[in-house]
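Take a look at the structure below.
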Amino acid sequence: MSVKLPKDLRSFRWYGVDDLRSFGHRSRTKQIGYSVEDFAGKPVIGIINTWSEANPCHIHLRQRAEEVKRGVWQAGGFPIEIPALSPGETMMKPTSMLYRNLLAMEVEELARANPLDGLVLLGGCDKAIPALLMGAASMDLPSIVVPAGPMLRGHWRGDVLGAGSDVWKYWDERRAGKIGATEWGEIEDGIARSFGTCMTMGTASTMAFAAEAMGMTLPGAAAIPAPDSSHARMASASGRCIVDMVWQDRKPSDIVTLAALENAVRTVMACGGSTNAIVHFLALAGRFGLPVDLARLDAISRETPLILNLRPSGKYLMEDLYYAGGSRAVLNRLGPLLALDAITVNGNSLGANVAGAEVLSDDVVKPLDQPMLAEGGLAVLTGNLAPQGAVIKHNSASAHLLTHTGPALVFEDYNDMSARIDDPDLDVTADSVLVLRQAGPLGGPGMPEWGMLPMPKKLLQQGVRDMVRLSDARMSGTSYGTCVLHITPESQLGGPLALVQTGDLIKLDVPARHLDLLVSEEELTARRAAWTPREIIYPRGYGMLYAQHVTQADKGCDFDFLERTAGKVPEPEIH
Ligand code: FES
């Protein structure tokens with residue numbers, strides 16, 4: 001890694017040259033109120049901010065951007081805040097995942113088009129960190145992630161509430177007739193207590209941990225609660241760090257090596273992280289050109305103990321983890337399993353960053369030799385029903401269902417499921433296997449989080465709380481249950497999921513990593529010949545671009561034209 005001089009800065013092309021175009025860049029920067037002393041010869045830092053009033057998880061990021069700016073000024077840089085699309089999980093339909101790639105493209109193009117030397121990436125709600133990292137990977141300017149941070153614990157009548165996970169739990173109780181409208185209203189008031197991301201080990205916390213473990217945040221950033229004053233201090237420190245990164249020319253492609261990406265995967269497996277991480281890791285592997293596939297992810301999971309006792313697979317919440325030592329303590333405990341020499345944003349190795357960090361509660365972060373589970377929380381399945389793979393979060397599934405054979409009950413799409421799932425005459429038992437089609441990258445579109453299919457009301461009333469459910473959808477990182485997800489190829493493309501008929505026997509064998517449809521090959525060939533695809537529902541605009549270029553889940557659902565770009569495609573000469 002080289003040390004840059006002012007004339008080597010990328011922004012020099014905008015600000016340092018004596019020509020007509022540079023006159024325009026300088027005079028229009030002065031129009032904002034800055035003097036030449038504010039920006040001349042300084043690293044220009046783009047603060048890519050996914051703040052939005054449509055995204056409650058990011059509502060504090062406007063203030064955090066100011067704190068980042070303070071750090072940038074202190075270190076001798078020139079900050080420019082640039083708003084970007086906010087992929088808010090709580091509002092966007094059919095799913096924010098449809099827009100992950102759009103934000104990734106936006107980050108790349110904002111960085112390309114503007115006089116930026118480095119990027120501070122502000123975001124946290126599920127798809128934000130993966131998208132920000134994907135865009136940063138492709139542009140490959142020095143970059144640092146400031147995770148939005150988890151919200152504070154929820155409360156209801158003396159119980160602690162976890163966002164997402166406890167919504168699903170109490171919704172089932174409500175549908176079973178055990179919770180009334182008053183209690184439900186109280187839960188609605190108490191479950192999202194502050195700004196910040198979901199405080200369970202959902203996708204937001206998962207990807208924040210992943211970003212820190214791969215070296216793309218400052219040490220300890222992943223678990224700081226959003227309202228904690230440490231979070232503001234971390235933002236300022238990130239502002240100082242990025243200026244140094246620009247001078248040192250420390251880029252994402254220098255940091256996210258194969259060892260670093262595998263550190264992130266291993267950490268997520270040890271944390272009981274979200275199944276969504278699988279798709280994001282595959283997309284990041286594609287962007288960085290690293291050889292990580294589903295088989296490798298499963299192998300890492302098998303050899304990594306699950307040590308975090310956090311919901312949805314455990315008891316505690318992110319705030320508890322912070323008080324128990326935070327992410328540095330987790331990474332330090334995982335040290336024997338990690339490549340500790342991997343370099344991070346601050347120029348130190350991961351090992352140096354976490355050295356001495358103590359776990360303060362062995363109940364929240366279990367010792368490596370007394371884990372929650374001997375292996376990681378996620379498993380990759382294959383078989384004639386998922387030739388290119390499927391995923392299950394087996395640590396939050398029911399043990400008695402991990403090996404199960406039962407008759408399929410097929411729903412053609414989400415609307416069909418919604419219309420019939422609570423029908424008292426639904427022909428379903430606890431042994432049935434619920435199957436949902438049209439929920440994949442193309443069929444959803446965007447692979448919505450429909451994979452935790454609701455339990456049929458008649459079974460809830462009988463006291464049943466889990467059953468085997470299959471789909472080509474994803475599910476929220478806060479969800480739980482015996483849900484097989486990401487079945488690939490998806491039903492919209494005529495994958496075997498499209499051929500399942502109600503009554504067919506399906507065999508799930510998680511220990512053997514198998515998922516099979518017990519129907520003869522001759523019969524499946526006949527069904528395949530008679531199968532016709534549905535029309536794609538987006539005839540124009542971004543949706544059409546998405547439909548034409550999105551890859552399947554086993555490739556990370558990135559756009560085919562954006563893979564393998566990090567540090568490998570020279571920036572075009574644009575004047
Ligand atoms: Fe934003 Fe969960 S809804 S992190």
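For residues that are among the polar types (S, T, N, Q) and modelled with pLDDT under 95, tally how many sit in the range 464-488.
3
Checking the condition at negative phi, in contact with a Gly (Cβ under 9 Å, 6 or more places away or on another chain) and more than 16 Å from the ligand (Cβ to nearest atom), which residue from Val268, Val256 passes?
Val256
The rows are residues; the columns are (1) touching a residue at least 60 places away in the same chain (Cβ under 8 Å); (2) of a type in the set (Val, Ile, Thr); (3) open to solvent by 10 Å² or more (accessible area, probe 1.4 Å).
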| position | (1), (2), (3) |
| --- | --- |
| Ala339 | yes, no, yes |
| Ile343 | yes, yes, yes |
| Glu358 | no, no, yes |
| Asp362 | no, no, yes |
| Pro367 | yes, no, yes |
| Asn384 | yes, no, yes |
| His404 | yes, no, yes |
| Ser418 | no, no, yes |
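For the range 521-544, which residues satisfy the criterion of being of a type in the set (Phe, Trp, Tyr) and exposed (fewer than 13 other Cβ atoms within 10 Å of the Cβ)?
Trp531
For the range 159-186, enumerate the residues that are more than 16 Å from the ligand (Cβ to nearest atom) and among the β-branched types (Val, Ile, Thr).
Val160, Ile179, Thr182
Residues Ile144, Ile179, Ile187, Ile191: which one is crowded, with 24+ Cβ neighbours inside 10 Å and among the hydrophobic types (A, V, I, L, M, F, W, C)?
Ile144
Picking from Gln492, Gln461, Gln501, which residue would you name as being open to solvent by 10 Å² or more (accessible area, probe 1.4 Å), more than 23 Å from Cys557 (Cα to Cα) and at pLDDT 95 or above?
The match here is Gln501.
From the list Leu331, Leu378, Leu337, Leu360, which residue is touching an Asp or Glu at 6+ places or on another chain (Cβ under 9 Å), farther than 23 Å from Asp244 by Cβ and modelled with pLDDT of 95 or more?
Result of the check over Leu331, Leu378, Leu337, Leu360: Leu337.
Please work out if Ile224 is touching a His at 6+ places or on another chain (Cβ under 6 Å), touching a residue at least 12 places away in the same chain (Cβ under 8 Å) and buried (at least 24 other Cβ atoms within 10 Å of the Cβ).
So Ile224 passes the test.
Checking Thr525 against (1) modelled with pLDDT of 95 or more; (2) hydroxyl-bearing (Ser, Thr, Tyr); (3) closer than 30 Å to Arg21 by Cα, only one condition comes out false. Which one?
Unmet for Thr525, out of (1) modelled with pLDDT of 95 or more; (2) hydroxyl-bearing (Ser, Thr, Tyr); (3) closer than 30 Å to Arg21 by Cα: (3).
Output yes when any residue across the range 50-67 is farther than 26 Å from Leu102 by Cα, away from the ligand (no atom under 16 Å from the Cβ) and over 22 Å from the mean Cα position of the chain (by Cα), and no when none is.
The answer is yes, given that some residue of the range 50-67 is farther than 26 Å from Leu102 by Cα, away from the ligand (no atom under 16 Å from the Cβ) and over 22 Å from the mean Cα position of the chain (by Cα).
Could you tell me how many of the residues in the range 515-567 are assigned to a loop (DSSP other than H, G, I, E, B), closer than 30 Å to His404 by Cα and among the small types (Gly, Ala, Ser)?
Counting residues in the range 515-567 that are assigned to a loop (DSSP other than H, G, I, E, B), closer than 30 Å to His404 by Cα and among the small types (Gly, Ala, Ser) gives 2.
Name the residue that is nearest to the ligand (Cβ to nearest atom), counting only residues in the range 79-134 that are surrounded by 24 or more Cβ atoms within 10 Å (Cβ to Cβ) and among the β-branched types (Val, Ile, Thr).
Among residues in the range 79-134 that are surrounded by 24 or more Cβ atoms within 10 Å (Cβ to Cβ) and among the β-branched types (Val, Ile, Thr), the one nearest to the ligand (Cβ to nearest atom) is Ile129.
Report those helices (runs of 4 or more DSSP H) wholly inside the range 178-260 carrying at least 1 residues which are within 24 Å of Ala65 (Cβ to Cβ).
Ranges flagged: 203-213, 229-248, 252-255.
Test Gly46 against the criterion of being on the phi > 0 side of the Ramachandran plot and either more than 16 Å from the ligand (Cβ to nearest atom) or under 15 Å from the mean Cα position of the chain (by Cα) (or both), and give yes or no.
No; evaluated as a whole, the condition is false for this residue.
Could you list, in sequence order, the residues of the range 406-416 that are outside any loop (DSSP other than H, G, I, E, B), open to solvent by 40 Å² or more (accessible area, probe 1.4 Å) and farther than 30 Å from Gly272 by Cβ?
Pro407, Asn415
Among (1) touching a helix residue (DSSP H, G or I) at 6+ places or on another chain (Cβ under 7 Å); (2) free of Cβ contacts under 8 Å to residues at least 24 places away in the same chain, which single condition is Gly389 missing?
Status for Gly389: all satisfied but (2).
If you scan the range 60-78, which residues turn out to be open to solvent by 10 Å² or more (accessible area, probe 1.4 Å) and among the aliphatic types (A, V, I, L, M)?
The one that is open to solvent by 10 Å² or more (accessible area, probe 1.4 Å) and among the aliphatic types (A, V, I, L, M): Ala75.
Restricting attention to the range 72-105, which residues are over 21 Å from Asn276 (Cα atoms) and not hydrophobic (A, V, I, L, M, F, W, C)?
Those that are over 21 Å from Asn276 (Cα atoms) and not hydrophobic (A, V, I, L, M, F, W, C): Gln74, Gly76, Gly77, Pro79, Glu81, Pro83.
Among the residues of the range 43-59, which ones are part of a loop (DSSP other than H, G, I, E, B), surrounded by fewer than 24 Cβ atoms within 10 Å (Cβ to Cβ) and in contact (Cβ under 8 Å) with a residue 60 or more places away in the chain?
Within the range 43-59, Trp51, Ile59 qualify.
Based on what the data block shows, is Leu132 in contact with a Lys or Arg (Cβ under 9 Å, 6 or more places away or on another chain) and of a type in the set (A, V, I, L, M)?
no
Please find, among Arg233, Arg266, the residue that is over 28 Å from Phe195 (Cα atoms) and open to solvent by 10 Å² or more (accessible area, probe 1.4 Å).
From the options Arg233, Arg266, the qualifying one is Arg266.
The values are calculated or read from the model by the stated rules, or taken from the named source; none is laboratory data. Keep in mind that this is a model prediction, so the values were computed, not measured. Neighbour counts run over all protein chains shown; Cβ positions are idealised from the backbone, glycine included. Calculation scope for accessible area: heavy atoms of the full protein, side chains included, ligands and nucleic acids excluded. Shrake-Rupley method; radii C 1.70, N 1.55, O 1.52, S 1.80 Å.
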